[in-house]
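These notes concern the structure reproduced below.
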Amino acid sequence: MGAGHHHQLYRPGTTAVHRLPAQCKLLAVFAFAIVVVATPRESFWAFGLYAVMLAATAAVARVPFSFVARRMVIEVPFVLFAFFIPIIGLGERVTVLGLSLSAEGLWAAWNILAKATLGVVASILLAATTEPRMILLGAQRLRLPSLLVQIAMFMLRYMDVIMDEMRRMRVARESRGFEARNLRHIPVIARSAGALFIRSYERGERVHLAMLSRGYSGSMPIVHDMSASARQWLTAGALPLTALAVMGMSLL
């Protein structure tokens with residue numbers, strides 16, 4: 001699959017975190033997320049240590065705070081949802097800054113925000129230190145369903161192609177004086193979407209036939225060495241294992 005596309009989530013580098021095999025990082029992030037979710041919401045200090053661990057990982061990977069902060073916009077829906085929980089929650093009420101809020105709702109909001117934020121940051125660090133294509137190859141190495149992995153690979157490969165097609169169609173419409181301003185223009189946009197679907201479907205057929213003519217048999221060849229040594233597994237496992245130790249202490 002082509003690797004020449006620019007991905008805003010990936011930050012090229014040669015750090016120790018970048019060099020770890022994708023399957024090691026995938027499993028480490030997954031295990032870390034499970035530990036975070038399993039940590040009692042009352043253990044404030046544990047969540048603080050998790051944040052410090054992620055900050056240390058970012059420092060080793062040379063991923064600046066600003067890079068992570070800009071990409072955490074994806075968490076905004078969770079923040080809004082958590083903001084309304086104490087307001088509409090039931091049960092015992094407490095007064096905070098003159099507002100009557102649900103005590104259980106406050107705990108639920110904290111639980112969602114803390115765990116979602118840590119999970120999002122861990123995912124951003126994974127994407128920032130691993131090429132998208134390598135993440136998919138790592139998932140295949142971890143025995144995820146091959147069909148799902150290959151569908152994701154083709155989506156990744158041809159997403160830029162489809163977006164370019166959309167831009168060309170928009171330029172063609174605007175060059176003819178069209179500008180979507182109100183609901184009356186929806187039929188034009190709908191016809192454009194239909195044309196884009198047909199073009200994409202036909203392109204997919206052509207690509208599939210071209211692959212079959214070149215010997216495609218249901219799996220893509222892997223040209224990179226995806227093996228991982230015991231040392232690399234241990235290095236990647238440092239994050240979830242440390243988090244597991246912290247959670248264990250929080251349960252005592």
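So if each residue of separation counts as 0.36 nm, and I subtract the Cα-Cα distance between residue 208 and residue 108, what length gain in nm does that give? Spell out each step's value before the answer.
On the way: separation 100, 0.36 × 100 = 36.00 nm, distance 4.83 nm.
Full-extension gain reported as 31.2 nm.
Could you sort 242, 130, 14 by their accessible area in this structure, using a 1.4 Å probe and putting the largest first? List each step's numbers first, then the result.
Values: 242 65, 130 5, 14 110 Å².
The ordering from most to least exposed comes out as 14, 242, 130.
Can you compute the modelled spin-label distance between residue 148 and residue 196, with each label point 7 Å from Cα toward Cβ, in nm?
Reported label-point gap for residue 148 and residue 196 is 2.7 nm.
Using a Förster radius of 41 Å, what is the FRET efficiency between residue 157 and residue 62 based on their Cβ-Cβ separation? Nearest 0.05, please. Please report the intermediate quantities before stating the final value.
Working: r = 28 Å, r/R0 = 0.68.
So the FRET efficiency works out to roughly 0.90.
What is the local net charge at residue 130, summed over the other residues whose Cβ is closer than 11 Å to its Cβ (Lys, Arg +1; Asp, Glu -1)?
Working: positive: 11, 19, 25, 133; negative: 131.
Overall, the nearby charge balance is +3.
Calculate for the chain the 222 nm mean residue ellipticity that helices alone would give, adding -39,500 (n - 2.57) per DSSP H run of length 4 or more and normalising by residue count, nearest 500 deg cm²/dmol. Show your work: numbers first, answer last.
Details: 10 runs with 176 residues, N = 252.
The per-residue figure over the chain is -23500 deg cm²/dmol.
Accessible surface of residue 146 in the full protein assembly, 1.4 angstrom probe, to the nearest 10 Å²?
Approximately 50 Å² of residue 146 is accessible to the 1.4 Å probe.
Please give the net charge around residue 27, taking every other residue with its beta carbon less than 13 angstrom from that of residue 27, where Lys and Arg add +1 and Asp and Glu add -1. It would help to have the intermediate numbers written out before the result.
Values: positive: 25, 141, 143; negative: none.
That works out to +3.
Excluding residue 165 itself, what net charge comes from residues whose Cβ is under 12 Å from its Cβ, given Lys and Arg +1 and Asp and Glu -1? Kindly include the intermediate steps, with their values, before the conclusion.
Working: positive: 167, 168, 170, 199, 203; negative: 160, 164, 202.
Residues near residue 165 contribute +2 overall.
Just to be sure I understand the rule: take each whole DSSP H helix in the chain, project its Cα atoms onto its long axis, keep it if the span is 27 Å or more and its mean Kyte-Doolittle hydropathy is at least 0.5. Which ones pass?
On the way: long enough: 103-129 (39 Å, 1.30); 146-175 (43 Å, 0.26); 186-213 (40 Å, 0.39); 230-251 (30 Å, 1.02).
Span-like helices in the chain: 103-129, 230-251.
Can you give the extra length, in nm with one decimal, that the chain gains between residue 14 and residue 90 once fully stretched, where that is 0.36 nm per residue apart less the Cα-Cα distance? Numbers along the way, then the final one.
On the way: separation 76, 0.36 × 76 = 27.36 nm, distance 5.10 nm.
Between residue 14 and residue 90, full extension yields 22.3 nm more.
Restricting to Cα pairs below 8 Å that are 6+ residues apart, what does the relative contact order work out to for the chain? Please round to a whole percent.
Values: 207 pairs, mean separation 88.0, N = 252.
Relative contact order comes out at 35 percent.
Once you've got the GNM for the chain with C-alpha springs shorter than 10 Å, pick whichever of 126, 80, 99 has the biggest mean-square fluctuation.
So, out of 126, 80, 99, the one fluctuating most is 99.
Need the C-alpha centroid separation for the range 94-129 versus the range 54-72, integer Å.
19 Å
With every protein chain left in place, what is the accessible area per residue of the range 162-212 in square angstrom, probe 1.4 Å?
Working: 4110 Å² over 51 residues.
For the range 162-212, the solvent-accessible area averages 81 Å² per residue.
The values are calculated or read from the model by the stated rules, or taken from the named source; none is laboratory data. Fair warning: this is a prediction, and the values are worked out from it, not measured in the lab. When we count neighbours, we look across all protein chains shown, and the Cβ atoms used for this are built from the backbone with ideal geometry, even at glycine. Ligands, DNA and RNA are stripped out before the accessible areas are found, and what is left, the full protein with its side chains, is counted by its heavy atoms. Shrake-Rupley method; radii C 1.70, N 1.55, O 1.52, S 1.80 Å.
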